[in-house]
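One structure is given below, encoded as structure tokens.
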Amino acid sequence: MKKKICVVTGTRAEYGILKPLLDEISRDRKLLLQLVVTGTHLSPEFGLTYREIEADGYKIDEKVEIILSSDSCVGIAKAMALALSGCAESYERLRPDVVVGLGDRFELLSAAAAALVCRIPFAHIGGGEITEGVYDDAFRHAITKMSCLHFASTETYRRRILQMGEAPGAVFNVGEIGLEGIRKADFLPKADLEKKLAFRFKEKNLLVTFHPLTLERGVSKAHFESLLRALDANPEVGIIFTHANADSEGRGINQRIEAYVAGRRETAVVLPSLGRNQYLSAMRCVDAVVGNSSSGIVEAPSLGKPTVNIGDRQKGRIMAASVLECAPEFSSIRRGLAKALSVRFSDFCRHVKNPYECRGASRRIAGLLKKCLRRGIDLRKSFHDLGGWR
């Protein structure tokens, strides 16, 4: 009998990263892929991106609506409650042998908690990382403690999971699964991308993604305004904006993006959801990635692109030499943009080593899942102290 692997996805970005793993599971005759789709995938405001999943040929087994009509702290907490109950009901119907999730968002915290109380092993991709500027940091560590299997992207992150008391035999350094999409991407030519985006590339271009800092109330708007002022100082540069995610204060950022683009239509465009392939194609065509998204830390170095990383949202992550860290202030961001767009730094970034590079992550994860399912995954865990502690 096939082992049932249930993968949970809640955002456009995380689905694109997971896709190579979904393909690996689907191709294995001893495994059965189940898909639970939730979060912004089901929101018209964020582009109803579940349609992209279906267009890729996957069957969606369960849709868990969590109503993201509010991005206040109360609204997010209510969405988490709906995700918790909805995932539990989905697991009850699907009866998976293991649930798999990637990352650190609030939807995934609910999905992991539901699996735990339903007595289903949870396998976590992306544990051990640090992002000090958002509450996702605590979510990620909480998910680690609810998980039975751990797939880390670097040896540093694997060791950090061990510091949290997880059994060494359940923690694996598999490399960064998100980079597989770059190696397998069917990049769009610039002319085709211009048609799809309704945007004409300029001599210099930027890809901008800015998300809220969820641990600090009210500061994200001011930080984003500093970014817009720095962009205004480069009026000839073309800008592709993507929407902020569905975290607290995300809607305010998206509204400000729309207003900004309306006043700069000749040089700027905004897309609520580019989709994985178009996003990577855009990243490949621009001169730098700007904002505070993990894509600037993980993917951009592999495409040889500079990143202007603003503020503390990604603080604590391992970063390539192509990442320029800037304070969320006009002068600092302006200096970062000037360096990123310089010929000298651009040439340097083409040869930068990405610390996340490691081939075959999805194949290794699928193989380890099959191996662990064959021998059985015990939900009972002991806390493993590191040797030498007093």
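The values are calculated or read from the model by the stated rules, or taken from the named source; none is laboratory data. Keep in mind that this is a model prediction, so the values were computed, not measured. Virtual Cβ from ideal backbone geometry, glycine too; neighbours counted across all protein chains shown.
Give the residue, chosen from ALA338, ALA366, ALA320, that is in a helix (DSSP H, G or I), of a type outside the set (Phe, Trp, Tyr) and crowded, with 18+ Cβ neighbours inside 10 Å.
Values: ALA338 fails: crowded, with 18+ Cβ neighbours inside 10 Å; ALA320 fails: in a helix (DSSP H, G or I).
From the options ALA338, ALA366, ALA320, the qualifying one is ALA366.
May I ask you to list the residues in the range 300-317 that are modelled with pLDDT of 95 or more, at negative phi and part of a loop (DSSP other than H, G, I, E, B)?
LYS305, PRO306
Give me the pairs: first residue in the range 270-283 and part of a strand (DSSP E or B), second residue of a type in the set (Asp, Glu), beta-carbon distance under 8 Å, and six or more apart or on different chains, which are they?
VAL270/GLU258
Of everything in the range 190-225, what is at pLDDT 90 or above, touching a Cys at 6+ places or on another chain (Cβ under 9 Å) and not in a helix (DSSP H, G or I)? Give them in sequence order.
Residues satisfying the conditions are PHE201, ASN205, LEU207.
Could you tell me which residue of the range 100-119 is farthest from VAL174 (Cα to Cα), considering only residues that are crowded, with 24+ Cβ neighbours inside 10 Å and more than 18 Å from the chain's Cα centre (by Cα)?
Among residues in the range 100-119 that are crowded, with 24+ Cβ neighbours inside 10 Å and more than 18 Å from the chain's Cα centre (by Cα), the one farthest from VAL174 (Cα to Cα) is ALA114.
Among the candidates SER293, SER346, single out the residue that is in contact (Cβ under 8 Å) with a residue 40 or more places away in the chain, of a type outside the set (Asp, Glu) and buried (at least 23 other Cβ atoms within 10 Å of the Cβ). It would help to see each step written out before you state the result.
On the way: SER346 fails: buried (at least 23 other Cβ atoms within 10 Å of the Cβ).
Selected residue: SER293, the only one of SER293, SER346 that is in contact (Cβ under 8 Å) with a residue 40 or more places away in the chain, of a type outside the set (Asp, Glu) and buried (at least 23 other Cβ atoms within 10 Å of the Cβ).
What pairs come out if I take residues in the range 362-378 that are farther than 21 Å from GLU14 by Cα and pair them with residues that are of a type in the set (Asp, Glu) whose C-beta lies under 6 Å away, six or more apart or interchain?
Short answer, once both residue conditions are applied: LEU373/ASP97.
Within the range 55-69, does at least one residue satisfy the condition of being among the hydroxyl-bearing types (Ser, Thr, Tyr) and over 16 Å from the mean Cα position of the chain (by Cα)? Steps first, please.
Looking only at the range 55-69, we keep the residues that are among the hydroxyl-bearing types (Ser, Thr, Tyr), and these are 58, 69.
Narrowing further to those that are over 16 Å from the mean Cα position of the chain (by Cα): 58, 69.
The answer is yes; a qualifying residue exists.
Regarding the range 167-175, can at least one residue be identified that is out of contact with any helix residue (DSSP H, G or I) (no Cβ under 7 Å at 6 or more places or on another chain), touching a residue at least 40 places away in the same chain (Cβ under 8 Å) and in a loop (DSSP other than H, G, I, E, B)?
Scanning the range 167-175 turns up at least one residue that is out of contact with any helix residue (DSSP H, G or I) (no Cβ under 7 Å at 6 or more places or on another chain), touching a residue at least 40 places away in the same chain (Cβ under 8 Å) and in a loop (DSSP other than H, G, I, E, B).
One line per residue, one yes/no per condition, for (1) under 17 Å from SER248 (Cα atoms); (2) touching a residue at least 40 places away in the same chain (Cβ under 8 Å):
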site	(1), (2)
SER69	yes, no
ALA88	no, no
PRO96	no, yes
LEU102	no, yes
GLU107	yes, yes
HIS124	no, no
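Within the group ASP137, ASP186, ASP192, which residue is more than 23 Å from LEU21 (Cβ to Cβ) and surrounded by fewer than 19 Cβ atoms within 10 Å (Cβ to Cβ)? Let's see the steps before the verdict.
Working: ASP137 fails: surrounded by fewer than 19 Cβ atoms within 10 Å (Cβ to Cβ); ASP186 fails: more than 23 Å from LEU21 (Cβ to Cβ).
The conditions single out ASP192.
Quick check on my filter: what residues within the range 36-53 are crowded, with 22+ Cβ neighbours inside 10 Å, of a type outside the set (Gly, Ala, Ser) and closer than 16 Å to CYS87 by Cα?
So in the range 36-53, the residues crowded, with 22+ Cβ neighbours inside 10 Å come out as 36-41, 49-50.
Next, from what is left, pick out any that are of a type outside the set (Gly, Ala, Ser): 36-38, 40-41, 49-50.
The answer is VAL36, VAL37, THR38, THR40, HIS41.
Select, from ARG229, ARG159, the only residue that is farther than 28 Å from VAL343 by Cα, more than 20 Å from the chain's Cα centre (by Cα), outside any loop (DSSP other than H, G, I, E, B) and among the basic types (Lys, Arg). Before you say what the answer is, go through the steps one by one.
Working: ARG229 fails: farther than 28 Å from VAL343 by Cα.
None of the other options fit; the residue is ARG159.
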